[in-house]
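Heads up, the thing below is written out as structure tokens.
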Amino acid sequence: MSWRFGTAAVAALSLVILPLSLTPANADDTPSEAPSATPSTPTTTATPSAGETSSAGETPAPTASSSPSPTESTASDPTTDASSDPATQTLIVTFDKAQSDPAKAAEAAVAKVADQVADAQVAKVVPITDSMAAVTLDAPLTDSETTKVEDQVTDLKGVKAAEGAGWFRPTTTDDAYYNLLWNLSSSGTYGTHAEDAWPTSTGANAVVGVIDTGITAHPDLTGSSARIIGGNIIDGYDFITDPTVAGDGGGPDSNPSDPGDYTSREYSSWHGTHVAGIIAAIANNHLGVAGVAPDTKIEPLRVLGHDGGDEQDVITAILWAAGIPVANLPTNSQPVDVINMSLGTTEACGVAMQSAINAATAKGVVVVVAAGNSARPVSTSSPANCNNVISVAATGPSGTLAGYSNYGDSTRQVTLSAPGGANSISAADDILSTINLGNTKPSSPGYAYMAGTSMAAPHVAGAAALLKSIDPSLTYSDVKYLLTQSADATPSCTRCGAGRLNAAAAVRALAGNLTVTPSAAGLQAAAPQISGTVRVGQSLTAETTAGSEATLSYQWYRSGSKISGATGMSYLLTSSDKGKNMLVKVTASLGDQRSIRFSTETSSVAAGVFAKGTPSISGTYKSGRTLRAYKGTWSPSPSSYSYRWLRNGKSISGATKYKYKLTWRDRGKKISVKITASKSGYTTTSATSSSHSVKH
């Protein structure tokens, strides 16, 4: 007997696990515009064939677009949101060191530049600290003028930075599509009210393991369009054992990137990237969207590929995520606080699956699972029907149970519900999050609406991260209690579990019971900074502000790839780093509290520079005698040297050895030797000895 998905058969004991979203995120592989993280106009749309359903019985998928259409929401066009901010008229000048009169120094720095660039005069100067002052001009600057003034003032000696003063508003973020995120909003009735939780918790220091299709590079997640590590994404793992399913040419490895899960019937979904964005898309970065817990870290755990994934891989991922040793795999050095599984199969919860979940919860991990999209009782979908999980049904923007969502009944109730989208004609009724725009293989980053309990579960996982950020010792039972007791009542839906997620109420409930301020947030007050010269042969050092009792650990990355063994506070740049960008992750630990933060990337590593030796020559300067060249002391030691003997400063044909026999042609001429040193990663460098005349 075998379980089937399409035409692929797998053994009866290895179930096929399918993503539970209803909308595949599809777009043109070759967009006409340059890659953009915040496309301001619709690029392409793709709609599955009419009547198409998945083997799990999901309903037809609505159209997905690579960027929200202005017709899909009454919110203003994201590209015009910034126009409501006042034009820049004040610049904040920060100096390298304290000034005796910071106001006078700031005025002197800005006045001439502002006059030359924009014919603007200084109207007011307000000192902020002894090394910082705000300079207000008598007229606003255009965006172009602001950039020029900032750049020119910053270039002045002694000035660390000159920045146009931003315009702040309460609660909401500057993310371009924030007005389209009804699922996070506190202004409506049926969102999660996540933004009201942020003054207390943004999920800092918590880690959510997303067991899904993997991750793609996205500026709203990784802070980059090219690398999958950084920002809110930490190292994960690829657990797919079948190379055919994996589609990346191998079995399990430390690269959880999503190469695309397309089949002959469907485009790639970029499901894991969409789920990750709902949980922890970066807020206040002027890009796209924000997550429920915008400072939480995501550990991508890839188990789904072409046509789904194998249950054994899912079980392995659960155990590994919790820090439990797994045969033939390295132990996870950064165990998660929460697991999100937006996947399922229409089977009973197996013994092995339940055992893995029990082991994870025993380690303090909260396991959140999508209820399923078959419009059937949750008891028919695994792992949502397992014990010790928080199962999540989906609601739409009207707060009612979505028509596709699985639900609770007398046999087994779902834990609670959360926004998953309506799967209606209007895509704006669904959940907007991060995706990739490739049809099959990864292309440029973008955004799309999706609907499904796959989208509902990560809202709850994000809320769990908000709670674990405040108190890392919370157990599965603690988190379940807080979420269910604070949920908004849904009297019209008796099948929605305890009610609809209210993240802000859950955070208030926890914070109200605390007698002391949680110290985890103070483990690392700011992202680490990298100091040092970015050049081969030089050392870089990670500097962070951390509690005195915290234990710090480090991991260095080369253009997004982990460097084996580079786990110290300092790192010596090697030839392998030339032309690459460096990044460091600092983890601060104190008891059961933990903080993980990334630095920003450095500029490209420049070639190393030798400290040149002083070449010299020994021997008698007389025709027929042999001279010998000495290299001198070079640092670092070159891998090779070459010699070139010179007569009156010009090369002597064939004289390329460390010894040279003087001939009659050298009589009365000046002889010297040029030594050239080479080493991988270093600039090839030459040094010439002093010259001596050859006797007649």
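The values are calculated or read from the model by the stated rules, or taken from the named source; none is laboratory data. All figures in this text were calculated on a predicted structure; none of them were measured in a lab. When we count neighbours, we look across all protein chains shown, and the Cβ atoms used for this are built from the backbone with ideal geometry, even at glycine. Ligands, DNA and RNA are stripped out before the accessible areas are found, and what is left, the full protein with its side chains, is counted by its heavy atoms. Shrake-Rupley method; radii C 1.70, N 1.55, O 1.52, S 1.80 Å.
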Unmet requirement for residue 391, which otherwise passes all of (1) polar (S, T, N, Q); (2) without any contact (Cβ under 8 Å) to a residue 60 or more places away in the chain; (3) assigned to a strand (DSSP E or B): (2)
Quick test for you: out of 225, 185, 201, pick the one residue that is without any contact (Cβ under 8 Å) to a residue 24 or more places away in the chain, of a type outside the set (D, E, K, R) and part of a loop (DSSP other than H, G, I, E, B). 185
State all residues of region 609-622 that are farther than 16 Å from residue 641 by Cα and in contact (Cβ under 8 Å) with a residue 12 or more places away in the chain; if no residue qualifies, say none. 618, 621, 622
If I filter region 84-101 for residues that are open to solvent by 80 Å² or more (accessible area, probe 1.4 Å), over 30 Å from residue 180 (Cβ atoms), at pLDDT 90 or above and not acidic (Asp, Glu), do I get at least one hit? yes
Residue count, region 579-611 (criterion: β-branched (Val, Ile, Thr), over 16 Å from residue 230 (Cα atoms) and open to solvent by 20 Å² or more (accessible area, probe 1.4 Å)): 1
Within the group 298, 229, 240, 282, which residue is within 30 Å of residue 182 (Cβ to Cβ) and open to solvent by less than 30 Å² (accessible area, probe 1.4 Å)? 298
Could you tell me whether any residue of region 670-683 is without any contact (Cβ under 8 Å) to a residue 40 or more places away in the chain, surrounded by fewer than 18 Cβ atoms within 10 Å (Cβ to Cβ), part of a loop (DSSP other than H, G, I, E, B) and out of contact with any helix residue (DSSP H, G or I) (no Cβ under 7 Å at 6 or more places or on another chain)? no
Report yes if some residue within region 306-318 is under 26 Å from residue 204 (Cα atoms) and open to solvent by less than 30 Å² (accessible area, probe 1.4 Å); otherwise report no. yes
Right, residue 472: under 25 Å from residue 212 (Cα atoms), at pLDDT below 90 and either among the aromatic types (Phe, Trp, Tyr) or open to solvent by less than 60 Å² (accessible area, probe 1.4 Å) (or both) or not? yes
Restricting region 636-651 to residues that are more than 16 Å from residue 617 (Cα to Cα) and open to solvent by less than 60 Å² (accessible area, probe 1.4 Å), the one farthest from the chain's Cα centre (by Cα) turns out to be 640
Tally the residues that are under 20 Å from residue 580 (Cα atoms) and among the small types (Gly, Ala, Ser), restricting the search to region 534-566. 9
Scanning region 612-630 for residues that are over 18 Å from residue 690 (Cα atoms) and open to solvent by less than 70 Å² (accessible area, probe 1.4 Å) gives 623, 624
Among residues of region 653-668, those that are in contact (Cβ under 8 Å) with a residue 12 or more places away in the chain, more than 18 Å from residue 618 (Cβ to Cβ) and either open to solvent by 70 Å² or more (accessible area, probe 1.4 Å) or of a type in the set (A, V, I, L, M) (or both), counted: 3
